[in-house]
Amino acid sequence: MPITRRSVLVSTLAAAVVPPLVTRVTGQPGPLRILGVGGGGMNALAAAGPVLGRFGELTAINTDRQDLVRTPIRHTLRIGRASTQGLGAGSDLEVGRGSALEQRNELRALVSGARAVLLLGGLGGGTATGALPVLAEVCREAGARALAVVTLPFYFEGRRRRAQAAAGVEALVQAADQVVLVRNDEVRPRSGERRSLREAFGAVDAAVTEIADATRIGWMLAEQGALSAEGRSMLLRAGTGTAGGPVQAVLRALEIAVRDGSGRAGDVLVHLRGLAPSEHDAAQIETLVSQNLGRRRVVLATTPGAEPTTATVLVPGGSHEAGTA
Ligand SMILES: Nc1nc2c(ncn2[C@@H]2O[C@H](COP(=O)(O)OP(=O)(O)OP(=O)(O)O)[C@@H](O)[C@H]2O)c(=O)[nH]1
Ligand SMILES: [Mg+2]
């Protein structure tokens, strides 16, 4: 696909936006399933429910019975029933992997009929790190695109979790169609703000929500030919930011997404939730992207919402070595 300098402006609700940049989106190409795996994945899924729930069925998957009892997600599936006895994977990814294999047929039934599956999880522990690559494989066997949105642990969580997360990314990239990485350390508080652990993970849940929604929109646009798509094993960098206006929000999101460099070529998806951008805003956003990432086609998608504006950027490429060092 030739790289054009012209932004493509897309309204996710097909509301009127400034022509001639508009490409209309006519809804989802097929059934979508949204799975939150492990403790962190389930919490992120619960937070994402209000945004993602109307686009597909939500299911919480875990080895940990206590977690599954407490979750507000109605549809749950416990894995590793024989091997973990409901007590979690004990931070051992092999146990997480074995747990998914143990319930492989049920997982298969869960995703059958889906056109795509969004897989949410926090890498670093046992359940999500081990189970997600198996799930991705199961999705692909069932003919569904496996789109993973996974977090990398905070630095303070220690070397063992970091190393285990790196192994998880490695396996996931082999198995999934897309892997979108969210680095917890980059989900920063406003400067100088102190926060509790719960608040820190709450901020991660919010970032995962936006990035998962952008991933959903990216899938939709790729299916409609409005966004360049590759086959499998595609790694993406993501960033999200909130500000009073669209351009400022995109700047914040880009600062995060480009930290490891510009990656390789491919369309850049910018999703704006909140105030619709003016044509002038769209031009400025395109300039910002090309300044940070070189000449790329920018696909700008908007979802009307209350102020302030949240911008989320998905950039193909990005090295996971840098992400997990
Ligand atoms: N988004 C989000 N991430 C979390 C949360 N709690 C923990 N995490 C992240 O998820 C990673 C994996 O932890 P868990 O989800 O608890 O691990 P698990 O997959 O359940 O694996 P086991 O507990 O070992 O069975 C952690 O290293 C954290 O970085 C949360 O509430 N929200
Ligand atoms: Mg757990």
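The values are calculated or read from the model by the stated rules, or taken from the named source; none is laboratory data. Just so it is clear, the model here is predicted, and its values are computed rather than measured. All Cβ positions, even for glycine, are placed from backbone atoms using ideal geometry, and neighbour counts span all protein chains on display.
Arg190 fulfils the conditions (1) over 15 Å from Met234 (Cα atoms); (2) at pLDDT 95 or above; (3) more than 16 Å from ligand 1 (Cβ to nearest atom) except for a single criterion, (2).
Reported count of residues in region 74-88, each being surrounded by 15 or more Cβ atoms within 10 Å (Cβ to Cβ) and closer than 14 Å to Gly39 by Cα, is 6. For the criterion of being at pLDDT 95 or above, touching a Pro at 6+ places or on another chain (Cβ under 7 Å) and within 24 Å of Leu269 (Cβ to Cβ), Gly49 fails. Note on region 283-309: among residues that are buried (at least 23 other Cβ atoms within 10 Å of the Cβ) and of a type in the set (Ser, Thr, Tyr), the one that is nearest to Gly225 (Cα to Cα) is Thr302. Taking the criterion of being aliphatic (A, V, I, L, M) and either within 8 Å of ligand 1 (Cβ to nearest atom) or crowded, with 24+ Cβ neighbours inside 10 Å (or both), the residues of region 135-166 that qualify are Leu135, Ala136, Val138, Ala146, Leu147, Ala148, Val149, Val150, Leu152, Ala165.
Yes/no matrix, rows are residues, columns are (1) touching a strand residue (DSSP E or B) at 6+ places or on another chain (Cβ under 7 Å); (2) within 12 Å of ligand 2 (Cβ to nearest atom); (3) in a helix (DSSP H, G or I):
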| site | (1), (2), (3) |
| --- | --- |
| Ser99 | no, yes, yes |
| Glu106 | yes, no, yes |
| Leu110 | yes, no, yes |
| Ala114 | yes, no, no |
| Leu119 | yes, no, no |
| Ala146 | yes, no, no |
| Val150 | yes, no, no |
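For region 51-68, taking the residues that are more than 12 Å from ligand 1 (Cβ to nearest atom) and in contact with a Ser or Thr (Cβ under 9 Å, 6 or more places away or on another chain), the one that is nearest to Ala306 (Cα to Cα) is identified as Val51.
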